[in-house]
Each structure stands twice: as C-alpha cells, then as structure tokens.
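First the structure, in the form of structure tokens, and then the observations on it.
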Amino acid sequence: MSEKDMAHLRVVAQQLVERLGADPTFKTQVQQDPVAVLSGAGLPQEYVSTFLHETGLEEVAGYLSPNTTHYCLITCLLSNII
C-alpha cells in the first residue's frame, strides 16, 4: 500500500470513528451489517474486521471472513486515531 493510500485509509478510519461516536443510528447500522455499512462508507472491505476490533465492535466480526491479512497495517493506522 502506498503512503498516499495509507493516508487516505487513516482519514477514512478517523471519520468513521468520529461518526460512530456521534451518530447512534450509524452505529446500529454498523452492528447490524458491518461489511456493507463500513465498506459503503469508504473503508476497504479487507480492513473491516480490524476496524471493528480496534473500535470495540468486534462482537459483530463474526459476519466476516476469518482470513483477514491486514491486521497490523490498520491497527497501526488506527492506534494513531483512537
């Protein structure tokens, strides 16, 4: 992933974290269908599982494939946000 792509991912993740905190309806939607809602909001699907873990919403991660390979990358990105 390029530096530009990482920077964009960081911005998207930060915006989603802020929206989760400010918009209870959005949070409920994420809990009900995390892949569709988060990827629809701009988070690449392969980072959804890690995003859920890092934001404390991992109880909904069961909807995802266990083959997430980008854990370290997004964890490092989100650790600067949360």
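Any read-out appearing in this document is the output of simple, stated calculations on the displayed coordinates, not a laboratory observation. Predicted, not measured: the structure shown is a model, and the values here were computed from it. FYI the Cβ positions are ideal-geometry reconstructions off the backbone, even for glycines, and counts take in every protein chain you see.
Miscellaneous remarks
- Across the range 34-46, rounded Karplus estimates of 3J(HN,Hα) from the backbone phi angles (6.51 cos²θ - 1.76 cosθ + 1.60, θ = phi - 60°) give x, 5, 5, 5, 5, 5, x, 8, x, 7, x, 4, 5 Hz, Gly and Pro being marked x.
- Estimated FRET transfer efficiency (Lys27, Lys4; beta-carbon r; R0 35 Å; 0.05): 0.75
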